[in-house]
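The values are calculated or read from the model by the stated rules, or taken from the named source; none is laboratory data. Because the structure is predicted, anything quoted here is derived from the model rather than measured. Don't worry about glycine lacking a Cβ; one is built from the backbone with ideal geometry, like all the others, and counts go over all protein chains shown.
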Amino acid sequence: MFKIILLPVLATLVAQSLKFVIKSNGLKFNWQNLLAYSGMPSSHAAIVLSLATIIGLEQGWSSPLFGFAFIFAFLIIRDALGLRQYLGHHGKILNVLIKELKTDKLLDKSYPKLLERIGHTPKQVLVGGIIGIVVSMIGYYL
């Protein structure tokens, strides 16, 4: 039972920690970046695929709980690839519009800069998923 909770958390910690090592992410270690939404690898894919893998190994690949975890993983990964990338594009466009509006003297309020990188690429999801599966398999067989 504890493996089903601990291994996905461990997979997430591994994926989030690797984000600081990979130069293309451009992240420096600080507490805010520890919870970064995007970048290589995807911790979302790591946690849900780790969960599905350990449930499959512990409960059986034909168990209803594995079926639930598989569908849950599919939805999370689909959102990480599609919806969150779409939101990132909106953030980028709105930031440009807000920047242009700041020259308008009629505006009194300041608008916050929106996040532009909150989605994942397929490669980031693939690497995160591999991390999740490997962490659960190692944890199961140890």
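Some observations on this one:
- Among the residues listed as 65, 126, 87, 94, the single one being in a helix (DSSP H, G or I), modelled with pLDDT of 65 or more, more than 24 Å from residue 2 (Cα to Cα) and more than 19 Å from the chain's Cα centre (by Cα): 94
- Verdict on residue 54 being surrounded by fewer than 16 Cβ atoms within 10 Å (Cβ to Cβ), at pLDDT 95 or above and aliphatic (A, V, I, L, M): no
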